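Taking it in order: structure first as structure tokens, then the write-up.
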Amino acid sequence: MITSLITDLAFILILGAVVTIVFKWIKQPVVLGYIVAGFLASPHFEYLPSVNTEENIEFWAQIGIVVLLFSLGLEFSFKKLVNVGGSAVVTALIIVLGMMTGGFAIGHLLGFSNINSLFLGGMLSMSSTTIIIKAFTDMNLRQKKFASMVFAVLIVEDLFAVLMMVILSSIAVNNSVEGVEMLYSVGKLAFFLIIWFLVGVFVLPSAFNAARRFLNSETLLIVAMGLCLGMAVFSVYCGFSLALGAFVMGSILAGTSYAERIEHVVAPVKDLFGAVFFISVGMMVQPQVIFDYWSPILILSCVVIVGMILFGTFGMLVTGQTLKVAMQSGFSLTQIGEFAFIIASLGMSLGVLDPTIYPIVVAVSVITTFTTPYFIKMAEPAYNIVERLLPKKLHFLIDRYTTQASVESENTSLWSSLLRRYLWRVLLYSIVLIAIEVVSAQFLLPWLQNVIPSWYKLAGCVITLVIMSPFLLALSVPVSKKVERQRLKEANARFDVPLIVMSLFRFALAAAFVVYTLSSIFNIAIGLCFGLAIFIMLVVLFSKRIGNRLNNLESKFLDNLNERELRRSGKNNNLVSDLHMAFMTVGTGCEFVGERLADSNIRKRYGVNLVSIQRGAISIPIPGGNNRVFPGDVLGVIGNDEQIQALLPVVEAEREPINSSVNASNFKLTNVQLSDSSPLLGHTSASASLRSKYTSLVVAIQRGEEFLKPNGEVVFQPQDIVWLVGDPQIIAQLK
């Protein structure tokens, strides 16, 4: 069994290595190379040996899915979801709902069952993060504003995909779409996501900082993978999938200051097991099925391309983006990728997906991956055509931001901030209180009943209320600050009515938790009689004392949540008008490396504003004219697309290596005996310019039996034996 497992793994990795090298050579995505390698390793390709046991590959592929989702989570972070704003959320929602509806309808037209059509819609609604990042990098578009919007949509799509996997699993198990069951699954998912998030944000950053001096690369890899697999197992215990737990742990770690290091050390593991997963996808390709279903493959490819363009563009327009940004974003999302395969694998593992759909989806993914770069290039010409044909009544879509930027009043902005803070506090603390009640009912009370049968209800009630009390008070304290209330009072004399309503609702909700706890342990009469009295007593006696601790607790939570962001000064890539923030790494060939910013005239020459310099762990916000820029610095720059694109090649330029034709592997310690015609005669080691002319270094000069130090004063003479480090062929010229 072990020999067979290793044999299969060795075979597919060697084959995958050969095929991906070929794909690198022909400049095609590596993912496609893995899929082709999987097809060559499968029983469907008779000209090469196939794997001995396909179950072995499925085992490795499952690990691959876990590691892939963990890596996606590391790029996600809940903080990043908050930063991308409503535009990305609404756009992703429109795309997912639109493509799922279209996929479901096309599935029915092609003769698939309800469950197969539903899975098909889910697969068609997920764009490929891997392919888009590869395409943007190759085409030097990552600093464009629309690229940042596309990345934001992909982040939200990843979250929707995880949610979709839970919902599809529930539907597949019940073999029907039950509204109550689905709502229960979604609510259960939201509950556990927030609990894991809260615990992770409170515990993990502090734990990592406490163990900082022990966390070298090896230890960090073990810790990260242990947390990933541990959360994956816990997720299964809670009734979810391995992949969900891995994604959640990755997203929690993404907010810590160790995220980049974890991404770096986990990358080889992700590459290895990710390759095995994509190879396993390729093994599902059946040429006969593709030949028989060429028509559905072409139809679904057109549905993906046209649907993504329409829904992506429409979603961006609805959320206030300009027509150009909207079309560029829509044209960039025209493919399906890794999540489509993961959803297909889920359907296969649950036994509800028709086996013919898998190779069809793989074929659609291959076609749309090949066409992605071409559609990205077509976006701007298509926009120019639409701009010419657009009726005058709709011209506001073109320059809507130039006339509407920053029209939101200060008063509206303040109310939005208050309402957002209010909703988050109510949601988070309510879920924490529900979690305490669930743990109390499921574990604490049964345990106390065995220990103290006569008093277990009273003891359980007291312990539960004591644990709940800080969160009940946090739910009750005002969300508005004195300064904010004063500003609202100046703007509107009736400002206090909404605040009073919000306060009454919070008090009622907190009191309801106390009443419910007492009622569930004793009865409704005791709950109503004593619940309100206990709640009022808690508020009167402990509100001030616990209030300060709650403020410290919330401050620590926010510091942990923002730990990674606090190391950078740029917090949001989406600014008003056509401006946005880009981060670019200074190359060795940057023309103003080492100069004072006052002398480089970056703003005057390129029209951009330099707002931050990140140098390792050091952050320089709003650098002054005396600050200097060095290779490896990450510059936070604000400007429009054209300005940033003009600056980017200047900043990221790399200096050509000196004597690039010299092969460093040929450097050796060797010697030459100087003849009467040697070019070194009459020179010293300093004046002979050996470093620049011959890429060599003098180590010693042997004159007779004496060894002289090359101190820059010893003059070379005939018959001297000179010991040098360099290329022997070049050094031979010195004889």
Using the per-residue mean of other Cβ atoms lying within 10 Å as a proxy for protection, in what order, highest first, do the peptides 447-455, 669-677 fall? 669-677, 447-455
Please work out how much length the chain gains when fully extended from R212 to W424, using 0.36 nm per residue of separation minus the C-alpha to C-alpha distance, in nm with one decimal. 73.2 nm
Karplus-derived HN-Hα couplings along region 643-649 (A = 6.51, B = -1.76, C = 1.60, θ = phi - 60°), whole Hz, x at Gly and Pro: 5, 5, 5, 6, 7, 3, x
Need the C-alpha centroid separation for region 597-611 versus region 436-460, integer Å. 66 Å
Listed residue pairs exceeding 20 Å between alpha carbons, taken from K24/K145; K145/K377; K27/K324; K668/K735; K144/K377; K324/K377: K24/K145; K27/K324
Protection proxy ranking of 372-385, 56-69 - average other beta-carbon atoms within 10 Å, highest first: 56-69, 372-385
Residues with amide H under 5 Å of H683's amide H, sequence separation 5 or more or different chain, H placed in the peptide plane at 1.01 Å from N; which? F716
Here the gain from full extension of K709 to V233, 0.36 nm per residue of separation minus their alpha-carbon distance, amounts to 164.8 nm
Sorted by chain and number, the residues with a modelled amide H under 5 Å from that of A700, at a separation of 5 or more or across chains, are W723
Amide H contacts of C590 (H built 1.01 Å from N, under 5 Å, at least 5 apart or other chain): A653
Given all pairs of distinct Cα atoms, region 664-734 yields a Kirkwood Rh in Å of 12.0 Å
For region 330-346 and region 1-31, compute the distance between their C-alpha centroids and round to whole Å. 22 Å
Estimated vicinal HN-Hα couplings, Hz - region 287-300 in sequence order (Karplus 6.51, -1.76, 1.60; Gly, Pro = x): x, 5, 5, 4, 5, 6, 10, 4, 5, x, 4, 5, 4, 5
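Rule-based calculations on the coordinates, nothing more; no lab input. Quick caveat, the model's predicted, so the values are computed rather than measured. Note that each Cβ is placed from the backbone with ideal geometry, even for glycine, and that neighbours are counted across all protein chains shown.
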